[in-house]
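Undergrad: Sharing a structure here in structure tokens format.
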Amino acid sequence: MIVPPAVASATTSSSPNYRVNEVFFGSGGALNDCSTNYCAKESLGATGVGKTSSTNYQAHAGFNTDRMPYLKFVVNGTSIDVGALSTGSTTTANATFSVKSYLSSGYQVVTVSNPPQNNSFTMHGLGTPTASSAGSEQFGMNLVANSCPTPSITCTGGTFGANPNQVPSSVFSFGQAASGYNTANLYKYVPGDTIADSNSSSGETDYTISYIYNISVLTPGGTYKFNDVLVATATF
């Protein structure tokens, strides 16, 4: 195996007996062409460019592929006042986040917070995917497009939420709503659940969380707070 000195430490695949370093095959190109003040990556005559994969493996070909894995997770932080809840109407709200990963086997996004709380009282989180029912105490979410619950004074236009949006397209991005959170008009909330994931490296996926709030005549009055903490983890 020939290892160019400039990339001798860039191990990208290994086993107990073998190692493949980042090398290139073709008529030209350089991974690190540096002077005193500048460095450049060059490509000429690459024999294969792009991603290839099978059930168990994936590879990225091309002189200018980055050999550093990363996970980018952006939560579009916002404070939402859902107003006064009513036993006769469902209250809705939305929040958004985005994820992309590179040189990984995928990622998972987990929600870790308790349902809305009023001092020591915690609103009932839906343990299984359930339709909205005004007058029953319910807190839940999903990550797909839904019809407006009826009746609802906060949802207008007939729909709310959105399906995961692949950026720039589904050719490059593969994130999805996780099981239990991927069915329109059915909502769930269990702390510790995976709500979104990808089974491979992925370009950006934009997610919209749809929340529902319902109370019963037995739900204690007061101010409820919910700080939705999400944790994204790359898998290898």
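Undergrad: Between Val171 and Ala145, what FRET efficiency comes out of the Förster formula 1/(1 + (r/R0)^6) with R0 = 35 Å and r the beta carbon distance, rounded to 0.05? The partial results should precede the final answer.
TA: Values: r = 22 Å, r/R0 = 0.62.
With R0 = 35 Å, the Cβ-Cβ based efficiency is 0.95.
Undergrad: If you count the DSSP beta bridges with both ends in region 73-192, what percent of them are antiparallel, to the nearest 5? Present the calculation step by step, with values, prior to reporting the outcome.
TA: Details: 10 of 11 bridges.
Among the beta bridges of region 73-192, antiparallel pairing accounts for roughly 90 percent.
Undergrad: Just want the ordering: Met123, Met68, from fewest to most Cβ atoms lying within 10 Å of their own Cβ.
TA: On the way: Met123 21, Met68 7.
Least to most surrounded, the residues fall as Met68, Met123.
Undergrad: Compute the FRET efficiency between Ile153 and Lys72 as 1/(1 + (r/R0)^6), taking r as their Cβ-Cβ distance and R0 = 41 Å, and round to the nearest 0.05. Intermediate results must be reported in sequence, preceding the final value.
TA: Numbers: r = 37 Å, r/R0 = 0.90.
It comes out at approximately 0.65.
Undergrad: Which net charge results for the neighbourhood of Ala95, defined as the other residues with beta-carbon distances under 15 angstrom from its beta-carbon, given Lys and Arg at +1 and Asp and Glu at -1? Don't jump to the answer; show the numbers that get you there.
TA: Values: positive: Lys225; negative: Asp81, Asp206, Asp228.
Within the 15 Å Cβ shell, the charges total -2.
Readers should treat all values here as calculations from the given coordinates under stated rules, not as data from a laboratory. In this text the structure is predicted, and so the values were computed from the model without any measurement. Quick reminder, even Gly has a Cβ in these numbers, built from the backbone with ideal geometry, and neighbours come from all protein chains shown.
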